[in-house]
Amino acid sequence: MRVYVPLTLPGLAEAYRTGELGAGGFVAYAVTPALREWYLSEDIEELEYAALNRAAFASLRLLAAEPDAVRRRVVVAVDVPDGTAQADPERGLDPAALGEVRVTGTASLARAAAVHVDLADAQRDVAAAAEALAAADRGDDDAQSVVDDAEDHELLWYATQEIPNLVGLAD
């Protein structure tokens with residue numbers, strides 16, 4: 001099963017150092033039944049793109065909690081064995097949990113299919129969005145507009161062979 005793991009550049013550097021994503025389980029995003037119902041599409045590429053965007057938003061949340069991290073969202077697309085990623089049925093169609101899965105154990109970075117990262121020109125908008133996120137969560141429309149501006153930036157696709165170069169961006 002393909003899952004999308006939200007990270008920061010320091011988180012990617014740690015995964016590169018250890019060769020693993022997660023320790024004792026981690027949250028990722030995938031094409032879940034709830035995501036399918038919400039997105040209303042049967043096109044798997046569109047659904048995977050929606051899961052990727054959910055992970056990008058989760059990466060923004062990580063950045064909000066890591067003020068010293070480079071302001072670029074990071075998502076790793078990785079394949080995990082079927083049955084190791086489960087959606088929480090208790091959360092159902094909770095908008096905050098759409099596509100969210102819990103992956104048991106760890107995932108080898110060697111199983112990654114790609115890494116998605118913001119371009120450098122997104123950093124100003126991503127930094128502003130990370131700062132505005134708490135206010136947006138409280139319903140502030142102006143703050144939500146700032147968050148939306150960051151979400152307008154597309155994450156670029158990088159091959160796994162490019163991870164060492166991406167890790168260098170964390171410094």
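The values are calculated or read from the model by the stated rules, or taken from the named source; none is laboratory data. This structure is a prediction, so every number in the text was calculated from the model and none was measured. Here Cβ is always computed from backbone atoms with ideal geometry, including for glycine, and neighbour counts include all displayed protein chains.
Descriptive notes on the structure:
- The residue of the range 1-23 that is nearest to Y158 (Cα to Cα), among those that are aliphatic (A, V, I, L, M) and surrounded by fewer than 17 Cβ atoms within 10 Å (Cβ to Cβ), is M1.
- Hits in the range 19-60 - residues which are part of a helix (DSSP H, G or I), among the polar types (S, T, N, Q) and touching a residue at least 60 places away in the same chain (Cβ under 8 Å): N53
Matching residues to (1) among the polar types (S, T, N, Q); (2) under 21 Å from G24 (Cα atoms); (3) modelled with pLDDT of 95 or more:
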| position | (1), (2), (3) |
| --- | --- |
| A50 | no, no, no |
| A55 | no, yes, yes |
| G92 | no, no, no |
| A110 | no, yes, no |
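- The range 121-160, residues that are over 18 Å from E66 (Cα atoms), small (G, A, S) and surrounded by fewer than 13 Cβ atoms within 10 Å (Cβ to Cβ): G139, S145, A159
- Residues of the range 64-105 that are within 13 Å of L21 (Cβ to Cβ), among the small types (G, A, S) and in contact with a strand residue (DSSP E or B) (Cβ under 6 Å, 6 or more places away or on another chain): A77, A85.
- Test: residue in the range 99-108 that is in contact (Cβ under 8 Å) with a residue 12 or more places away in the chain, crowded, with 17+ Cβ neighbours inside 10 Å and within 21 Å of L166 (Cβ to Cβ): yes
- Taken over the range 1-12, residues that are out of contact with any strand residue (DSSP E or B) (no Cβ under 9 Å at 6 or more places or on another chain) and either free of Cβ contacts under 8 Å to residues at least 24 places away in the same chain or aliphatic (A, V, I, L, M) (or both) amount to 0.
- The set of residues in the range 53-76 being surrounded by fewer than 22 Cβ atoms within 10 Å (Cβ to Cβ) and either of a type in the set (S, T, N, Q) or touching a His at 6+ places or on another chain (Cβ under 7 Å) (or both) consists of N53 alone.
- When the range 14-48 is limited to residues that are among the aliphatic types (A, V, I, L, M) and touching a Lys or Arg at 6+ places or on another chain (Cβ under 7 Å), the one that is farthest from D82 (Cα to Cα) turns out to be L47.
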